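Some notes on the structure that comes next.
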């Protein structure tokens with residue numbers, strides 16, 4: 001390995017399994033001490049043991065990232081164990097899939113809590129630390145990598161709660177990038193496609209063992225995350241990257257499109273032809289995942 005993240009202290013949330021575990025191992029392979037966060041203490045400890053067996057440094061943390069005090073303790077764990085924090089990878093999450101007409105309030109609340117608040121709370125406490133460092137004349141070269149989803153970018157039938165939370169993460173990413181740049185912090189997001197406990201039924205048939213490449217392996221996502229966590233990526237911020245197998249693409253955010261300006265207030269009856277003209281000028285939106 002190249003040592004791309006040598007001695008850069010990294011926190012990875014939801015790192016006991018799946019994509020988070022792959023991130024933790026990939027950062028450790030590049031020389032980073034890692035805080036392996038997962039509410040499943042046995043899973044977190046197992047990843048720490050894997051890293052130690054490879055000669056790396058890691059500690060386990062079982063904080064609930066969507067709990068305000070828990071998120072503060074998570075950031076504190078990095079500082080207490082490694083005396084610094086360079087990279088925060090927000091990855092923790094789960095799904096409660098339902099069509100909207102069947103989606104219960106608690107299923108909405110739980111998914112939005114762990115994904116959206118579970119990104120905001122660690123980010124907020126990490127930002128406090130980095131701002132204090134910058135104000136003390138020790139401006140960091142810090143990185144945040146959030147985890148959105150294709151469902152958040154385009155929508156996904158049966159995942160209204162998950163899609164809304166992941167879209168919120170994309171929005172939070174661009175705001176945080178704008179606000180934290182002055183403190184030496186970049187903030188980007190990924191929208192990964194990989195086989196995890198959340199997606200294994202969907203992606204099980206997409207492996208390509210005959211070609212020697214499992215396109216849906218979680219490990220395929222981690223190289224970009226490691227690069228975004230490196231000092232080398234300091235010129236990239238406020239971006240969302242889609243990652244699938246060996247493919248990396250840059251997602252195009254909402255942009256201002258065609259416009260008609262009357263220069264005064266519209267009458268509702270006038271707007272039918274105006275909207276028709278705007279729709280004719282604009283490209284068709286990408287289809288929602290799962291839509292017929």
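The values are calculated or read from the model by the stated rules, or taken from the named source; none is laboratory data. What you see is a predicted model, and the numbers here were worked out from it, not measured in a lab. Ideal geometry is used to build each Cβ from the backbone, glycine not excepted, and the neighbour counts take in all protein chains shown.
Tabulated values for the structure
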read-out: Residue in region 104-123 that is surrounded by 16 or more Cβ atoms within 10 Å (Cβ to Cβ) and not in a helix (DSSP H, G or I) present; value: no
read-out: Any chance residue 20 is under 21 Å from the mean Cα position of the chain (by Cα), closer than 20 Å to residue 217 by Cβ and not in a loop (DSSP other than H, G, I, E, B); value: yes
read-out: Residue 138 at pLDDT 95 or above, over 15 Å from residue 91 (Cα atoms) and over 11 Å from the mean Cα position of the chain (by Cα); value: yes
read-out: Given (1) more than 14 Å from the chain's Cα centre (by Cα); (2) closer than 14 Å to residue 172 by Cβ, index of the condition residue 131 fails; value: (2)
read-out: Extreme residue, surrounded by the most Cβ atoms within 10 Å (Cβ to Cβ), among residues of region 237-258 that are under 15 Å from the mean Cα position of the chain (by Cα) and part of a loop (DSSP other than H, G, I, E, B); value: 237
read-out: Which listed residue, of 36, 48, 65, 59, is touching a residue at least 12 places away in the same chain (Cβ under 8 Å), in a loop (DSSP other than H, G, I, E, B) and either crowded, with 18+ Cβ neighbours inside 10 Å or out of contact with any helix residue (DSSP H, G or I) (no Cβ under 9 Å at 6 or more places or on another chain) (or both); value: 65
